[in-house]
Structure formats: structure tokens, C-alpha cells
1. Looking at segment 79-131, which of the residues that are closer than 20 Å to Ala23 by Cα and surrounded by fewer than 10 Cβ atoms within 10 Å (Cβ to Cβ) is modelled with the highest pLDDT?
2. Only residues that are of a type outside the set (Gly, Ala, Ser) and buried (at least 19 other Cβ atoms within 10 Å of the Cβ): list them for segment 49-58, please.
3. Would you point out the residue of segment 1-30, among those that are under 25 Å from Ala87 (Cβ atoms) and either in contact with a Phe, Trp or Tyr (Cβ under 9 Å, 6 or more places away or on another chain) or in a loop (DSSP other than H, G, I, E, B) (or both), that is modelled with the highest pLDDT?
4. I need the full set of residues from segment 46-64 which are closer than 17 Å to Val113 by Cβ and not acidic (Asp, Glu), in order please.
Amino acid sequence: MKFLGKKKPTSAAPTTRERGMAAEDQALVHLQAAGLRLAVRNYRTPGRGGGEIDLVMRDQDGTLVFVEVRSRASGAFGGAGASISAAKRQRIVFAARHYLLRQPAPPPCRFDVVLVQEGGIQWLKAAFDAQ
């Protein structure tokens, strides 16, 4: 079949999920370069209404780090960081508590956020707590 007029598109634009996975890949490389080790990627609680943790990492001192990765194309409207609502933090904490049920003795923990936007990465250690 021959196209007349417009060129045939070579590839579709990446989906939101594909952009999110690419941001997680960037964050993972960044955190591993800083000495953290991956424990689990995309940990989900079972059932409806649960939560998801993008990356569960282990810091060099043994701290278990629950990482939320947020990505935005630009800094408009508050950028990637502004997209982490109180409800989103609550779901992350819920998923972290569920994850910790599998641990024989819960280690020290923290909640980090990695922001990927405009070609840069910003790592916010202890960005929020479980309260």
C-alpha cells in the first residue's frame, strides 16, 4: 500500500507507562551509582485500594529505602514534586507497612523521592515519613 501526502509515522509517542518506566530506570541507575542495592521493583500490595512502591532499595548502612519516582516533562505547575499528594504518600506508607510484614525484624526505613524532569534527576532523601 502506498501513502499519498503525509508520511507514515515511524513510531508512536511513548505512553505514560513507558515514560514512567524510563524514569524508574534512570532513578535506579542513579541510586545504584550512589551505593544503594535494589531489593524489589514495583512492589504492589494485593487487592484493590492498596499501594505500590516504585523501588525498594537497601542503603549501605542497612536502611530499607522506599523510593517514589516522579517524572514530568517540565517544571510547570509545580513540576514532578508537586504531584505527590497526601493520598499518594498514604498509599506508599500502606504498601511499605505491608512489605515490612515479610521481614523477620524490620530494619530502619525511610521514604525517598526521586524527581526526573527536564533532563535532570533530583534525589530527596527522607522526603516524608510514615506519620
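The values are calculated or read from the model by the stated rules, or taken from the named source; none is laboratory data. Not measured: the values here are computed from a predicted model. Every residue, glycine among them, receives a Cβ derived from its backbone with ideal geometry; neighbour counts consider all protein chains shown.
1. Gly120
2. Our first condition is that a residue be of a type outside the set (Gly, Ala, Ser); within segment 49-58, this holds for 52-58.
Residues satisfying the conditions are Ile53, Asp54, Leu55, Val56, Met57.
3. Ala27
4. We begin by selecting, within segment 46-64, every residue closer than 17 Å to Val113 by Cβ; these are 51-57, 59, 63-64.
Once the filter is applied, which keeps residues that are closer than 17 Å to Val113 by Cβ and not acidic (Asp, Glu), segment 46-64 yields Gly51, Ile53, Leu55, Val56, Met57, Thr63, Leu64.
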